[in-house]
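Read the structure below first, then the notes.
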Amino acid sequence: MTAPAAPERRRPFLTARWESLVLLNYSCRREWLEPLVPAGTELDSWHGETLVSLVGFLFTDTRLLGVPVPFHRTFEEVNLRFYVRRRGPDGVMRRAVVFIRELVPRRAIAWTARWTYNEPYLAVPMSHHIALTAETGGEVEYAWRHRGATGSATRSPPAATAAPRTRPSAS
């Protein structure tokens with residue numbers, strides 16, 4: 001008797017690490033997002049609020065079919081997303097993300113992502129600044145330019161509180 005064949009393992013199309021993530025959540029009017037909700041889903045909410053998120057991160061060690069592509073291994077991405085849900089056939093509520101726009105700095109990345117995933121990628125000039133510290137977590141900024149306007153997603157440490165001043169005692 002022979003052992004059953006192991007299932008064929010397919011190499012993932014895309015692998016990468018997400019580093020230095022910035023996640024900014026904003027409350028949004030439901031009526032602004034309802035025209036964008038995919039059929040068969042409904043808007044999800046968090047404590048009664050409909051949220052949109054601006055997410056920035058650094059793609060690192062990016063590979064297509066396991067192969068690193070020169071000059072496309074590390075790059076910024078910023079995306080604007082909102083959240084939906086639907087009940088599956090098993091009765092379990094499933095949650096998902098809908099991307100409104102995804103920004104990357106290179107045309108080849110935007111084209112490949114649009115073609116492969118049918119998502120709204122756009123190539124724009126981008127930059128990032130990362131200064132992490134053990135004390136405060138540090139700051140991370142992802143910036144972009146599009147049609148003459150600039151934007152950024154920034155995480156800064158909380159404002160420091162000034163230490164109380166004391167006078168030397170007169171002796």
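Observations, loosely collected:
- Total residues in region 56-95, condition without any contact (Cβ under 8 Å) to a residue 40 or more places away in the chain, surrounded by fewer than 15 Cβ atoms within 10 Å (Cβ to Cβ) and either within 29 Å of Y26 (Cα to Cα) or charged (D, E, K, R) (or both): 8
- For L43, the conditions (1) crowded, with 16+ Cβ neighbours inside 10 Å; (2) modelled with pLDDT under 90 all hold with the exception of (2).
- Checking each residue of region 127-141 against the condition of being under 29 Å from P35 (Cα atoms) and either open to solvent by less than 80 Å² (accessible area, probe 1.4 Å) or more than 18 Å from the chain's Cα centre (by Cα) (or both) gives no match.
- Residues satisfying the stated conditions in region 96-119, i.e. closer than 10 Å to N79 by Cα and open to solvent by 40 Å² or more (accessible area, probe 1.4 Å): F99, I100, R101
- For region 1-36, taking the residues that are of a type outside the set (K, R), open to solvent by 100 Å² or more (accessible area, probe 1.4 Å) and part of a strand (DSSP E or B), the one that is modelled with the highest pLDDT is identified as Y26.
- Restricting region 117-155 to residues that are part of a strand (DSSP E or B) and among the hydroxyl-bearing types (S, T, Y), the residue that is farthest from F59 (Cα to Cα) is T150.
- Some residue of region 86-106 being acidic (D, E), in a strand (DSSP E or B) and more than 30 Å from E42 (Cα to Cα): no
- In this structure, R73 does satisfy being not aromatic (F, W, Y) and not in a strand (DSSP E or B).
The values are calculated or read from the model by the stated rules, or taken from the named source; none is laboratory data. As the structure is a prediction and not an experimental result, all values here were calculated from the model. Note: ideal-geometry Cβ built from the backbone for every residue, glycine included; neighbour counts use all protein chains shown. Please note that ligands, DNA and RNA were not included when accessible areas were found on the heavy atoms of the full protein model with its side chains. Shrake-Rupley method; radii C 1.70, N 1.55, O 1.52, S 1.80 Å.
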